[in-house]
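First comes the structure, then the notes that go with it.
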Amino acid sequence: TERASGMRRTFFGSFRTSTSSAQVGAMIAAMEARPSKLPPPAQKLRIQLFLLFEEPTSSPAAQAVSLFILGCIVFSIALFVAETMPSLKPHIAPSAWHGLELFCTLVFTVEYVTRLCVCTVAGKTVCGFIKAPMNVIDIVAILPFYLWAALQNVPAIRALGVLRTVRLVRLFRVLKLGRYSAGMQLMFVALKNSSQAALVLMFFLVIGLVLFSSAVYYAEKVSCPDQEELSLARATDGSNRTQLQQYVQECFDSVASSSSFGICCNDYGAPMAFPTIIEATWWSIVTMTTVGFGDVVPQTTLGRIVGGITMLSGILLIALPIAIIGTKFQEAYDDYIAQQPHLNKPKSEARKQAEVKNAMYLEMSRRLRRVPFVDPEMEGLARDCAEGMEDLAQIEQEMWSMQKCENDTQYEALKSFDQILSKLLTIDPMRSFASIAASAKAKNKIRQEDSVSAGSESTPASPKSPASAQQNTSSVLAVNASSRARAQGSQVSMASVVTVQPPGSVLS
């Protein structure tokens, strides 16, 4: 479930990681440290433009610009599709389509030119910027409009239909979404890393196309009737025409490309369904990929045998390279997750052990259920043991959940205790000492007053001398000073004993 949710966040979220203010500050400092021939205000403006167009997560304004350009890309693609709908042509004038296309093209042009002008602040060269694959897609998506505007008044170009081809290149704007889509960038990375597997796939496909196209061509050609013999024999329907004329008429009227004399073939003795090996490659591609449109099918038994071998071989040839490409995509996805702090959540050792135990119990339960016991009593014991293993897996999961809850509770308790201890240790010792001494003096004064009042009513007691009172006060102050010294000395030891454990750790 976590992997599936991560996949959803990856494909529908931005590929760029969230940039913190510290990272943005470090990036700005690094760009300002590079030597530049421009004055500092101009260089600072270029840095701000670079962050605005190249780092969507650097500021709210950059994110707004990124969303606006993304909306223009989607709108331009929708405009390209809606322009072909006949139902909209009576309601929308051609000038309106042209104006909307002009607006989108100007937005893309301003974006590309701005990024080209500020690309050097990050250490890139202008040549390196132009040669980057995503920037090549950007320029290819922009140029068709200007070429169409420049060549539409040339009669020769209009006669050749080049303008329609040029306008078709606008479809490359779909690839501009790769700059803002994590899914498309992951696919590009996976295909780039699996280029060798793709080359192996193409190599085997080419071999298979040549082999099976030739095989089906000659397998069908063997069943073609001899047209010279048909031209010399009379028709079987009793008419005055030859069998060749009858054969041609039946093939012309037949939907299944067959006749009473065999499969239908052309004047060169080749089957009409596969007139050449080159035209048979379409059937080979459709069959090897197990698509099977059914527009062209073998008519003979030998041709169908070749078709079956083609299907089985296509599954084997495509399955192995596709598995490699899938593995490379998984590696690219894992690398992406490792670069995302908010998605990269390492599992604790206790959780890994719990998962291993659960997997072990479930695997043992599955194997016990599949063992064929002859004795019914043994079969019942095995079934009970398998159910016990499944219960153990569930208990392990519940124990892990309870342990995690207990650890979190202990963490919160220790955190609160640490806050209380910190507040206690941050009290000013001199102010605390003065307040304690004043309190001791007040208590001694009250005691003296009480003793004097009590002596006046009963037998007079020997009054305490001022030296005795001072000695009592000094003893209280000495005890308080000793307590303060012990508190200051225990600050380090308590800080070392009371350590706030991270969430999810096992507390002793």
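The values are calculated or read from the model by the stated rules, or taken from the named source; none is laboratory data. Keep in mind the model is a prediction, meaning the values are calculated, not measured. A quick note on method: Cβ atoms are made from the backbone with ideal geometry, for glycine too, and the neighbour counts reach across all protein chains shown. Accessible surface areas use protein heavy atoms only, side chains included; no ligands, DNA or RNA. Shrake-Rupley method; radii C 1.70, N 1.55, O 1.52, S 1.80 Å.
Each part gets one Cα centre, and for segment 217-248 versus segment 261-294 those centres are 20 Å apart. Rounded to the nearest whole Hz, the Karplus-based 3J(HN,Hα) values (6.51 cos²θ - 1.76 cosθ + 1.60, θ = phi - 60°) of segment 259-270 follow the sequence 9, 6, 9, x, 6, 7, 10, 8, 5, 9, x, 9, with x at glycine and proline.
Taking θ as phi - 60° and the Karplus parameters 6.51, -1.76 and 1.60, the scalar couplings of segment 358-364 work out to 4, 4, 5, 5, 5, 5, 5 Hz in sequence order, x denoting glycine and proline. Mind giving me the FRET efficiency for Asp334 and Gln196? R0 is 25 Å, r the Cβ-Cβ distance, nearest 0.05 is fine. Calculated value: 0.80. Solvent-accessible surface (1.4 Å probe) assigned to Trp148 amounts to roughly 50 Å².
Give the calculated FRET efficiency between Ile420 and Gln397 to the nearest 0.05, with a Förster radius of 41 Å applied to their Cβ-Cβ distance. Could the numbers behind the result be given before it?
Numbers: r = 36 Å, r/R0 = 0.87.
About 0.70, to the nearest 0.05.
With the full set of protein chains in place, find how many percent of the accessible area of segment 23-153 is carbon and sulfur; take the probe as 1.4 Å.
On the way: 5470 of 7330 Å².
Its accessible area is 75 percent carbon and sulfur atoms.
Taking all Cα pairs closer than 8 Å and separated by 6 or more residues, the relative contact order of segment 280-343 comes to 31 percent. Just tell me which lysines come within less than 17 Å, Cα to Cα, of Lys443; anything on the same chain fewer than 8 places away is out. Cross-link targets: Lys464. Averaging the sequence gap over all C-alpha pairs within less than 8 Å and six or more residues apart, then dividing by the number of residues, gives segment 17-153 a relative contact order of 22 percent.
Rounded to the nearest whole Hz, the Karplus-based 3J(HN,Hα) values (6.51 cos²θ - 1.76 cosθ + 1.60, θ = phi - 60°) of segment 379-386 follow the sequence 5, x, 5, 5, 5, 5, 5, 5, with x at glycine and proline. Extension gain, Thr289 to Arg366, is 24.2 nm, computed as 0.36 nm per intervening residue step minus the present C-alpha separation.
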